[in-house]
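> Mind having a look at this structure? Questions to follow.
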Amino acid sequence: MKKLNCLFFLLNLLYLNTIQAQIYRPSAATERRANDLLAKMTLDEKIGQLTLYTTDWGSTGPTIREGYKNDIRSGACGNLFNSHTVGFVRELQRVAVEETRLKIPLLFGFDVIHGYKTIFPIPLGEAASWDLEAIEKSARVASAEASAAGLNWTFAPMVDISRDPRWGRVMEGAGEDPCLGSRIAEARVRGIQGKKIGDTDAMLACVKHFAGYGAPIAGRDYNTVDMSERYFREFYLPPYEAAVRAGAATVMTSFNDYDGVPATGNNYLLTDILRKEWGFRGFVVTDYTSINEMVNHGVTADDKAAGELALNAGVDMDMQGAVYQRFLKKSVQEGKVKMADVDEAVRRVLRLKFELGLFEDPYKFCDETRQTTTLLSPEHRAAARDVSRKSIVLLKNENNVLPLNKSQKIALIGPLADNKSELIGNWNGAGNANDCVSLQEGIANLRLANLAFARGCEVEGTDKSGFAEALRIAQNADVVVVAVGEKAMMSGEAASRADITLPGVQEELVLELVKAGKPVIVILMNGRPLAIPKIAESAAAILETWWLGTEAGNAIADVLFGDYNPSGKLPMTFPRSVGQVPIFYNEKSTGRPFDPNSKWTSKYIDEENSPLYPFGFGLSYTTFSYGEPKVDKAVFKKGENLQITVSLKNSGSRAGEEVVQLYVRDLVASATRPVKELKGFQKIMLKAGESREVKFTLTEQDFSFYRRDMTFGAEPGEFDIMVGGNSVDLKKVRVRMAD
Ligand code: BGC
């Protein structure tokens, strides 16, 4: 008996070693390794791989499960988020790979939304650069820094289209347009994942929030989303698809329901569209406790049933809900969830852990020296300054008051003029406000002889006691620069606003300063389009600077004094008042299009239809003139490409960049079409006086849409092609697509 036991023990050891050798043999194909490992796992261990917990370093909801370290040790938790920096990660990874039976390394996720330590402009701000290379670079730097601090997975890019500035999370996305949003989504995925998954300076991307999260009713975060499938597919889905097709490794579900079914339990979204239509092969993670929240949505009676709904719909990993951990085993035993589906979910997670190279070296993202030399490196700061200045949008510049002259007497005023903490914005990773250059410091770096400063008021509140000092220094100056806006926590998650004007007494401060008679330059620092009609009317100049991050002050100073000629264009419409919201450029004509001379048309009786600043709008210190757009053929066949050429001239006296935008309108179609839709853009640099022929190629895809019967394709007929520097001032040519 003893001999038999001994033999059994030896055989078992041999078996384990063989399995281990297969798992750890890097030469074997990922699929083989994942399957070998899967075959070795207990159901509990499998469920552990489908579980993701936060550490106590951060949360955006309830902490459901304490003691995550014990969960790692027992194999009950295979992934963590909100744990970063080399020392912290190394210790947790050590527990996973030394103290668990199968030694499966952990994934470490974090919201690296616009930088890890070097903070870049908020994504909405970066989108205003329309500069895909710069945006990719920003994501690349963020990924290089975060992966040097132990992380291998970021919950970005956020690609939710939104037409509602009340919704605080507009700051995290690329604005209102599916075409711009898609190109930016791809650029960010490329930047985050680098050359290939497994490179030490790259992370897994996570496209979020799938899907439609940017259209909550009334702009209130987490609220219901309901719209036609036509709208959903045309305007909201494209950036998710673009990111998936660009190779994003993971996808996060959204909190909202869509057409009555919560996204986290939505088979149509997670399986039919994501996997079957788009061929997504990575894994799907929930948003924070969004499985549990399906009970509140009222589609399941309890957490256990919610877990079943989620897994059966296509959710692989449970973020923070502890639902899979508590109930999935029972659900499998009861036959409510198939073992094969659990296996497939685990396989998806394991594949990526193998691809990341974590089995070869679980500490590959834990190099102290790399961490020290990478974070906030001068090169990264330079990249941040570059993207930051490109993200600034010049909204007004009366009498060319900007750029300023370094010898002018300047009164720098405003609650955000010397601020650092708000300038790194919401979702600021591991950013440190002390590393941020305030506007005051940015200007001071230029060593101006004549600079006075007064705060004037706070961002919020009613206290006007600082007005007098602000007015006093304004009177002694040649020009007033006033920095106003929002606090970082007024935008982002759970920060919707019903009033999107400037908070507190800031607008009053600006208007008082205007009355003082000196030209007032308003620097806006905010996380959403604001309704600022009075400021738009009375300020001499306005710069929309969003929250620009670590290099904010330097970048704004570059623009203020003309060291950089602004080139940003709005990625989202600025309304005149909140009553116009949702407001967006790609609206439909309606049967009674707006006519100022006819009461019975689509309009307000107490507000204009037009926005304060339209999508795509932004000025420069130079001027650009456009020729008439020309096409290579006025009649083209379906399936044929169409070439459009437009001549662009820098007609001013400075070098500058222009974002040339091309829009299309389908004049007659089987379903109503937007009055214009962005189909292409190019950012062109021209010296003063220089001209260039700018060429665009439109393919059949660009003329296609969801037809009456919901098939996707083009319908022959007439189209207007419009080209210009924003979505309103456009030159047009009409073409016809023949059958
Ligand atoms: C947010 C996600 C985020 C997650 C983890 C949630 O509350 O909606 O965008 O990735 O928390 O921090």
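The values are calculated or read from the model by the stated rules, or taken from the named source; none is laboratory data. Just so it is clear, the structure is predicted and the values come from calculations on it, not from any experiment. No Cβ is skipped: glycine too gets one built from the backbone with ideal geometry, and neighbour counts run over all protein chains shown. Side chains are part of the model used for accessible areas, which takes the heavy atoms of the whole protein and leaves out ligands, DNA and RNA. Shrake-Rupley method; radii C 1.70, N 1.55, O 1.52, S 1.80 Å.
> Do we find a residue being open to solvent by less than 10 Å² (accessible area, probe 1.4 Å), touching a residue at least 24 places away in the same chain (Cβ under 8 Å), within 29 Å of LEU132 (Cβ to Cβ) and in a loop (DSSP other than H, G, I, E, B) anywhere in segment 331-348? Spell out the reasoning first.
Just the residues of segment 331-348 that are open to solvent by less than 10 Å² (accessible area, probe 1.4 Å), to begin with: 331, 337, 342, 345-346.
So of that shortlist, the ones also touching a residue at least 24 places away in the same chain (Cβ under 8 Å) come out as 331, 337, 342, 345-346.
In the following step, the residues that additionally are within 29 Å of LEU132 (Cβ to Cβ) were identified as none.
Checking segment 331-348: not a single residue is open to solvent by less than 10 Å² (accessible area, probe 1.4 Å), touching a residue at least 24 places away in the same chain (Cβ under 8 Å), within 29 Å of LEU132 (Cβ to Cβ) and in a loop (DSSP other than H, G, I, E, B).
> Residues in segment 84-99: is at least one part of a strand (DSSP E or B) and either open to solvent by 10 Å² or more (accessible area, probe 1.4 Å) or more than 23 Å from VAL659 (Cβ to Cβ) (or both)? Step through it out loud before you land on a result.
Of the residues in segment 84-99, the ones part of a strand (DSSP E or B) are none.
No, there is no match, as no residue in segment 84-99 is part of a strand (DSSP E or B) and either open to solvent by 10 Å² or more (accessible area, probe 1.4 Å) or more than 23 Å from VAL659 (Cβ to Cβ) (or both).
> Among the numbered criteria (1) surrounded by fewer than 24 Cβ atoms within 10 Å (Cβ to Cβ); (2) within 12 Å of the ligand (Cβ to nearest atom), which one does THR154 miss?
Going through the list (1) surrounded by fewer than 24 Cβ atoms within 10 Å (Cβ to Cβ); (2) within 12 Å of the ligand (Cβ to nearest atom), THR154 breaks only (1).
> Take the conditions under 30 Å from the mean Cα position of the chain (by Cα) and among the polar types (S, T, N, Q) and apply them to GLN643. Does it pass? Before the answer, list the steps.
On the way: under 30 Å from the mean Cα position of the chain (by Cα): no; among the polar types (S, T, N, Q): yes.
So GLN643 does not fit the description; no.
> Against the condition away from the ligand (no atom under 16 Å from the Cβ) and either under 30 Å from ALA29 (Cβ atoms) or touching a Lys or Arg at 6+ places or on another chain (Cβ under 6 Å) (or both), how does GLY335 come out, does it pass?
Values: away from the ligand (no atom under 16 Å from the Cβ): yes; either under 30 Å from ALA29 (Cβ atoms) or touching a Lys or Arg at 6+ places or on another chain (Cβ under 6 Å) (or both): no.
The answer is no for GLY335.
> Considering only segment 669-681, I want to know if a residue exists there that is surrounded by fewer than 20 Cβ atoms within 10 Å (Cβ to Cβ) and of a type in the set (D, E, K, R).
Within segment 669-681 (the criterion being surrounded by fewer than 20 Cβ atoms within 10 Å (Cβ to Cβ) and of a type in the set (D, E, K, R)), the answer is yes, since at least one residue qualifies.
> Further question on the same structure: For segment 702-739, enumerate the residues that are more than 20 Å from LYS630 (Cα to Cα), at pLDDT 95 or above and open to solvent by 70 Å² or more (accessible area, probe 1.4 Å).
Answer for segment 702-739, where residues must be more than 20 Å from LYS630 (Cα to Cα), at pLDDT 95 or above and open to solvent by 70 Å² or more (accessible area, probe 1.4 Å): ARG708, ASP709, PHE712.
> In segment 624-648, which residues are more than 15 Å from GLU700 (Cα to Cα) and basic (Lys, Arg)?
Across segment 624-648, the qualifying residue is only LYS630.
> If ASN405 satisfies all but one of (1) assigned to a loop (DSSP other than H, G, I, E, B); (2) open to solvent by less than 30 Å² (accessible area, probe 1.4 Å); (3) out of contact with any Asp or Glu (no Cβ under 8 Å at 6 or more places or on another chain), what's the number of the condition it fails?
(2)
> Let me ask something additional. Answer yes or no: is there a residue in segment 272-291 that is in a helix (DSSP H, G or I), open to solvent by 10 Å² or more (accessible area, probe 1.4 Å) and within 16 Å of the ligand (Cβ to nearest atom).
So in segment 272-291, the residues in a helix (DSSP H, G or I) come out as 272-277.
If we keep only those that are open to solvent by 10 Å² or more (accessible area, probe 1.4 Å) as well, we get 272, 275-277.
Checking the rest, the ones that are also within 16 Å of the ligand (Cβ to nearest atom) come to none.
No, segment 272-291 contains no residue that is in a helix (DSSP H, G or I), open to solvent by 10 Å² or more (accessible area, probe 1.4 Å) and within 16 Å of the ligand (Cβ to nearest atom).
> Give the residues of segment 650-662 that are in contact with a Lys or Arg (Cβ under 8 Å, 6 or more places away or on another chain) and open to solvent by 10 Å² or more (accessible area, probe 1.4 Å), sorted by residue number.
Correct list: ALA655, GLU657, GLU658.
> Next question, about the same structure. Tell me, which helices (runs of 4 or more DSSP H) lie completely within segment 494-601 with 3 or more residues that are surrounded by fewer than 22 Cβ atoms within 10 Å (Cβ to Cβ)?
Details: elements: 506-515, 533-538, 552-560.
The qualifying helices (runs of 4 or more DSSP H) are 506-515, 533-538.
> Same structure, new question: Select from segment 446-461 the residues that are modelled with pLDDT of 95 or more, open to solvent by 30 Å² or more (accessible area, probe 1.4 Å) and either over 12 Å from ASN419 (Cα atoms) or not acidic (Asp, Glu) (or both) and list them in ascending order. Can you show your working first?
First, pick out the residues of segment 446-461 that are modelled with pLDDT of 95 or more: 452-461.
Among the residues that remain, those that are also open to solvent by 30 Å² or more (accessible area, probe 1.4 Å) are: 452-453, 455, 458, 460-461.
Matches in segment 446-461: ALA452, PHE453, ARG455, GLU460, GLY461.
> For segment 218-237, which positions are open to solvent by 20 Å² or more (accessible area, probe 1.4 Å) and hydrophobic (A, V, I, L, M, F, W, C)?
ALA218, MET227
> Restrict the check to segment 464-485 and report whether at least one residue is within 37 Å of the chain's Cα centre (by Cα), surrounded by fewer than 17 Cβ atoms within 10 Å (Cβ to Cβ) and β-branched (Val, Ile, Thr).
No - not one qualifying residue is present in segment 464-485.
> Counting only residues that are under 15 Å from ILE644 (Cα atoms), give me the strands (runs of 3 or more DSSP E) lying completely in segment 700-739 with at least 3 of them.
By residue number, 717-724, 730-738.
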